[in-house]
Amino acid sequence: MKTMIKSSLIWTGPTEEMSTSVFERFRDLIYDNSGIVLAENKRPLVKARIQKRMRALRLLEYNEYLTQVMSDRTGGELQHLLDAISTNVTSFYRERHHFDFMGPMLGNWLSQGMSRLRIWSAACSTGEEPYTIAMEVLEALGQRSVDVKILATDLAAKVLRECQEGEYPSARVEPVPSIMRNKYLIRSGDRHHATYTVSKELRRLVFVRQFNLVKFPYAVKGPMDLVFCRNVMIYFDRDTRCEIVKEFRRILRPGGYLFVGHSESLTGLGGGFTVVRPSIYKRV
Ligand SMILES: C[S@@+](CC[C@H](N)C(=O)[O-])C[C@H]1O[C@@H](n2cnc3c(N)ncnc32)[C@H](O)[C@@H]1O
């Protein structure tokens with residue numbers, strides 16, 4: 001049997017399996033607070049992610065951790081749980097075709113005299129998405145003076161701190177074309193441990209906030225011109241996705257665009273959008 005000697009530094013894992021009832025209570029808590037659906041086949045993943053937090057708290061039983069989450073009236077432990085459960089995979093220039101579409105489209109808008117641009121990166125994770133958008137917006141703007149704001153939001157507090165810091169190891173900036181890297185990212189460190197920090201110019205455009213996509217109605221100041229909500233609706237059920245898309249429709253101006261992940265679609269989620277390209281929708 002796995003044990004932990006309280007006075008030692010060795011934590012060897014939970015002393016018992018996660019029971020079905022405890023799994024279901026975690027599952028419901030996570031669903032109610034994030035919309036993330038966790039089917040039975042996700043039990044190993046839930047266990048592995050919760051264990052990291054149990055290790056930090058040196059707890060031996062899942063039930064003990066559940067009690068801790070439920071009894072923390074500040075909501076702090078619930079936030080830790082949601083941080084641990086959320087999948088935050090992202091990258092610069094992820095789904096590059098979105099940015100290939102956005103550049104010329106912004107060029108059109110600007111040539112028609114656009115003076116204000118509002119973009120929302122909803123579920124921005126560690127920031128690669130909003131900073132990619134910011135680089136591409138600055139490229140499209142050139143010397144033009146336009147009032148630009150990019151709202152970057154996520155539910156997970158941990159990733160928002162990274163987004164705010166805007167500091168990335170060299171491996172993470174590999175997808176950024178070198179010309180853009182030289183222009184918009186500041187390199188520090190040595191040849192072996194280089195770090196790239198987003199420039200003031202990018203940072204100035206990006207406003208980082210915590211925002212839960214499953215708390216309706218949205219208190220977001222519109223109208224938005226573009227909304228990026230990529231690779232997060234896959235974690236939600238159909239009803240939640242319908243509600244979210246309805247809110248995006250309300251917040252986007254007619255003619256604005258909604259970008260979703262390549263494996264996501266608005267099919268069956270209510271009207272109000274036309275397909276422009278796969279995963280790119282125009283608000284009618
Ligand atoms: C896989 S990442 C996608 C990041 C980025 N949009 C991309 O496509 O690269 C999914 C993000 O959704 C966030 N998320 C999950 N549930 C959320 C919710 N209810 N409200 C806001 N963000 C949520 C997670 O914290 C995570 O950072």
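No lab work stands behind these numbers, since they all come straight from the coordinates. Since the structure is predicted, the reported quantities are computational estimates derived from the model, not experimental observations. Glycine gets a Cβ as well: all are built from the backbone with ideal geometry, and neighbour counts include every protein chain shown.
What the table below lists for this structure:
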read-out	value
Net dipole in debye of the range 42-97 [+1 Lys, Arg Cβ; -1 Asp, Glu Cβ; about Cα centre; nearest 20]	280 debye
Among the listed pairs Lys149/Lys215; Lys149/Lys221; Lys246/Lys282; Lys215/Lys246; Lys47/Lys215; Lys52/Lys158, those beyond 18 Å (Cα-Cα)	Lys149/Lys215; Lys47/Lys215
FRET efficiency for Asp239 and Phe101, using Cβ-Cβ distance with R0 set to 22 Å, rounded to 0.05	0.15
Positive-end residue of Asn182, Asn41, Ser279, charge dipole of the chain with Cβ unit charges	Asn182
Over the chain: helical MRE at 222 nm, DSSP H runs n ≥ 4 each giving -39500 (n - 2.57), nearest 500	-12500 deg cm²/dmol
Burial ranking of peptide ranges 205-212, 115-122 (average Cβ count within 10 Å, highest at the top)	115-122, 205-212
Karplus (6.51, -1.76, 1.60) ³J(HN,Hα), θ = phi - 60°, over the range 237-251, in Hz, Gly and Pro reported as x	8, 4, 4, 5, 4, 4, 4, 5, 5, 4, 5, 4, 5, 5, 8
Rounded to the nearest 20 debye, dipole of the chain from Cβ charges on Lys, Arg, Asp, Glu	540 debye
Euclidean distance of C-alpha centroids, the range 118-152 and the range 16-33, integer Å	38 Å
Sorted peptide list for 24-37, 149-162, criterion being average Cβ within 10 angstrom, highest first	149-162, 24-37
Spread of Cα-to-Cα distances over 10 Å intervals beginning at zero, given as percent, for the chain	6, 26, 30, 22, 12, 4, 1, 0
Bridge type composition, the range 96-283 - antiparallel percent by DSSP, nearest 5	40 percent
Residue-span extension gain [Glu40 to Ile179] - 0.36 nm each, minus C-alpha spacing	45.4 nm
Options Ile234, Trp120, Gln51, ranked by Cα towards positive dipole end of the chain, top entry (Cβ charges)	Trp120
Estimated dipole of the range 245-284 in Debye, rounded to 20 [Cβ of Lys and Arg +1, of Asp and Glu -1, Cα centre]	200 debye
Scaled radius of gyration (Cα, divided by 2.2 N^0.38 Å) that the range 70-184 gives	1.24
Ratio of Rg to Rh over the range 20-85 (Cα coordinates, Kirkwood Rh, two decimals)	0.91
Farthest toward positive dipole pole in the chain [+1 Lys/Arg, -1 Asp/Glu at C-beta], among Asn63, Val173, Thr20	Val173
Calculated FRET efficiency for the pair Ser91/Val146, C-beta based, R₀ 25 Å, to 0.05	0.40
Relative contact order (percent, whole number), the range 96-283, Cα cutoff 8 Å, 6+ residue spacing	21 percent
